[in-house]
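Note sheet for the following structure.
Computed from the coordinates by the stated procedures, all read-outs in this text should not be read as laboratory data. Predicted model only: the values in this text are computed from it and were never measured. Virtual Cβ from ideal backbone geometry, glycine too; neighbours counted across all protein chains shown.
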Amino acid sequence: MWSFVLGQATTAPVVDSRIMGDIVMRMWVNPPSVPADGVFVLYMPGLSQAHWAVMLVGPRGRAGEFVGASRLTFVKTMVSPKKPSEKMNLYRLGDGMFKGLYVSEGTVADKAGKSHRMLMLLTPQMFQEGLSPGDVLGR
């Protein structure tokens, strides 16, 4: 998963865009070696190098497995203001390579109304931006 964040993935992304140089978005469908339906990377270098997040669509596994952490501390349940039925549980990582970062997990519906399990790893800076998986999916 980390190779996708660093831009070192062996396959080209399906979506690779820059919005006004401030937001970089990349998406892979059925990424090799990642048990998920998709990987979505969001990076906001206009704010800082610490503003990034990676989201897995349809991950097959537990949150801790994907981020290499065995200690997840529950922080809160985030409820989408646009869709109150959509809830994501937010955890802070207590160990591993991403110690101190956040991971959120839950189910989100796309534009067509189909529900998808989501897992998002985000930096504290990105957490402060109030980013939600539904926003990333462009509902």
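With the dipole of the chain worked out from charges on the C-beta (+1 for Lys and Arg, -1 for Asp and Glu) around the Cα centre, which of MET44, ALA12, TYR102 lies farthest toward the positive end?
Final value for the positive-end residue is TYR102.
Regarding the range 29-81, what's the average projected area of the Cα-atom convex hull, expressed in nm²?
5.5 nm²
Show me the three semi-axes of the equivalent ellipsoid for the chain, from the C-alpha gyration tensor (sqrt of 5 times each eigenvalue), largest first, rounded to whole Å.
In descending order, the three semi-axes are 20, 18, 17 Å.
So, in nm, how far is label THR107 from label ASP37 when the simple model puts each one 7 Å beyond its Cα toward the Cβ?
Reported label-point gap for THR107 and ASP37 is 1.2 nm.
So how many Lys-Lys pairs in the chain land under 28 Å Cα to Cα, not counting same-chain pairs under 8 apart?
Lysine pairs, 8 or more places apart or on different chains, close enough: 11.
So what are the ³J(HN,Hα) numbers for the range 63-75, from phi and the Karplus equation (6.51, -1.76, 1.60; θ = phi - 60°), rounded to whole Hz, Gly and Pro as x?
Whole-Hz 3J(HN,Hα) from phi for the range 63-75: 3, x, 4, 6, 10, x, 10, 9, 10, 10, 9, 4, 9.
Could you pull out every residue, at least 5 positions away or on a different chain, whose amide H is within less than 5 Å of the one on ASP95? Hs are placed 1.01 Å off N in the peptide plane, and Pro or chain starts have none.
The list, which skips near neighbours in sequence, is SER70, ARG71, GLY100.
Just to check I understand the Karplus step: with θ = phi - 60° and J = 6.51 cos²θ - 1.76 cosθ + 1.60, what whole-Hz values come out for the range 7-17, glycine and proline as x?
x, 10, 5, 7, 10, 6, x, 6, 10, 8, 9
Report relative contact order for the range 39-116 in percent, whole number only (criteria: Cα-Cα under 8 Å, sequence separation at least 6).
After rounding, I find 21 percent.
Give me the percent relative contact order of the chain, please, defined on Cα pairs under 8 angstrom at least 6 residues apart.
Answer for the chain is 17 percent.
Could you list which residues have their amide H under 5 Å from that of LYS87, counting only those 5 or more apart in sequence or on another chain, with H placed in the peptide plane?
Amide H neighbours of LYS87: THR107.
Fully extended, how many nm does the chain gain between MET97 and SER115 (0.36 nm per residue separation, minus their Cα-Cα distance)?
3.5 nm
Which value, in debye to the nearest 20, gives the size of the charge dipole of the range 45-136 about its Cα centre, when Lys and Arg are +1 and Asp and Glu are -1 at the Cβ?
Roughly 240 debye for the range 45-136.
Work out how much length LYS82 to LEU6 would gain on full extension: take 0.36 nm times their residue separation and subtract the Cα-Cα distance, in nm to one decimal.
Here the answer is 24.2 nm.
Please give the residues of the range 74-108, grouped as numeric ranges, whose backbone N is less than 16 Å from a label point set 7 Å along the Cα-to-Cβ vector of LEU47.
Of the residues in the range 74-108, 101-104 have backbone N under 16 Å from the label point off LEU47.
Place a label point 7 angstrom from the Cα of GLN125 along the Cα-to-Cβ direction, then list the residues of the range 45-62 whose backbone nitrogen is under 19 Å away.
45-55
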